[in-house]
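Take a look at the structure set out below.
The values are calculated or read from the model by the stated rules, or taken from the named source; none is laboratory data. Quick caveat: nothing in here was measured; it's all calculated off a predicted structure. No Cβ is skipped: glycine too gets one built from the backbone with ideal geometry, and neighbour counts run over all protein chains shown. Ligands, DNA and RNA are excluded from the accessible area calculation, which covers all protein heavy atoms including side chains. Shrake-Rupley method; radii C 1.70, N 1.55, O 1.52, S 1.80 Å.
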Amino acid sequence: MAMIDFMTLALEQAQAAADRGEVPVGAVLVDPDKNAVVASAGNQVEATHDPTAHAEMLVIREAAAAHGSARLAGFDLYVTLEPCPMCATAISFARLRRVEFGAYDPKGGGVEHGPKIFSQPTCHHRPEVFGGVREQDAAALLKTFFAVRR
């Protein structure tokens, strides 16, 4: 079975989000045992007028509904930006196995920055975390998006 570059798929979702006028963040939720995408999405905050419609939240909701369970143990998340505190908490509650993210977010991140959700003693589940995956590509999407709007 050929390995799929899941971060490339997340970057494609981020670009699609940017094309729709959304902040370019994309996410892909993967079943690593099957080497298969379970859900993919880009941000939809503006389109849905929903502040919780972050890419991570959307893929977790879709996968949980499809699997009939709020627990997605064993699944991996690939996301182009360090998850915010809300998304990090949802990742913990969903019991995801691993999180790989692209760009770091010193201002709004909740994993390596800010409240560092997975480091809190009240955090019930701590996934493996790998930051900086395709960081330059993810950061370039964000910089270009915001440069046009300033």
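Among 52, 80, 89, which one shows the highest mean-square fluctuation when the chain is modelled as a Gaussian network with alpha-carbon springs under 10 Å?
Between 52, 80, 89, it is 52 that shows the largest mean-square fluctuation.
Between the stretch 42-81 and the stretch 87-126, what is the C-alpha centre distance in whole Å?
14 Å
Within the chain, what percent of beta bridges assigned by DSSP are antiparallel, to the nearest 5? Could you put the intermediate results ahead of the total?
Values: 10 of 18 bridges.
The antiparallel fraction comes to roughly 55 percent.
How big is the Kirkwood radius of the stretch 47-111, worked out from every pair of different alpha carbons and given in Å to one decimal?
The Cα-based Kirkwood calculation yields 12.1 Å.
Which value at 222 nm does the chain reach when only helices count, each DSSP H run of 4 or more adding -39,500 (n - 2.57), with the total divided by all residues and rounded to the nearest 500 deg cm²/dmol?
Working: 5 runs with 56 residues, N = 150.
Helices in the chain give a 222 nm mean residue ellipticity of -11500 deg cm²/dmol.
With the Cα gyration tensor of the chain giving a ≥ b ≥ c as the square roots of its eigenvalues, does the rule (a/c under 1.5 for rounded; else a/b larger than b/c for prolate; else oblate) give rounded, prolate or oblate?
Working: a/c = 1.44, a/b = 1.24, b/c = 1.17.
Taking the square roots of the gyration eigenvalues as a ≥ b ≥ c, the chain is rounded.
List the relative contact order of the chain as a percent without decimals, with contacts defined as Cα pairs under 8 Å and 6+ residues apart.
On the way: 329 pairs, mean separation 29.3, N = 150.
Relative contact order of the chain: 20 percent.
Under a GNM of the chain (C-alpha, springs under 10 Å), which listed residue has the highest mean-square fluctuation: 113, 125, 49?
Maximum among the listed residues: 49.
Rounded to the nearest percent, how much of the accessible area of the stretch 29-109 (1.4 Å probe, protein heavy atoms only) is carbon and sulfur? Before the final figure, lay out each step's value.
Details: 1850 of 3400 Å².
Within the stretch 29-109, the accessible surface is 54 percent carbon and sulfur.
Under 21 Å between alpha carbons, and skipping anything fewer than 8 positions from residue 143 in its own chain: which lysines qualify?
Qualifying lysines at Cα under 21 Å: 107.
In the stretch 96-144, with Lys and Arg counted as +1 and Asp and Glu as -1 at Cβ, which of these residues, 132, 113, 144, has the Cα nearest the positive end of the dipole, that is, farthest along it?
Farthest towards the positive pole: 113.
DSSP loop trypsin sites (Lys or Arg not before Pro) in the stretch 33-139 with at most 14 other Cβ atoms within 10 Å of their Cβ, which ones?
34, 71, 107, 116
Could you report the chain's accessible area per residue, 1.4 Å probe, as an integer in Å²? Spell out each step's value before the answer.
Details: 7550 Å² over 150 residues.
With all protein chains present, the chain gives 50 Å² per residue.
For a quick check, take a GNM of the chain with Cα springs below 10 Å and name the residue from 65, 55, 39 with the largest mean-square fluctuation.
Of the options given, 65 has the highest mean-square fluctuation.
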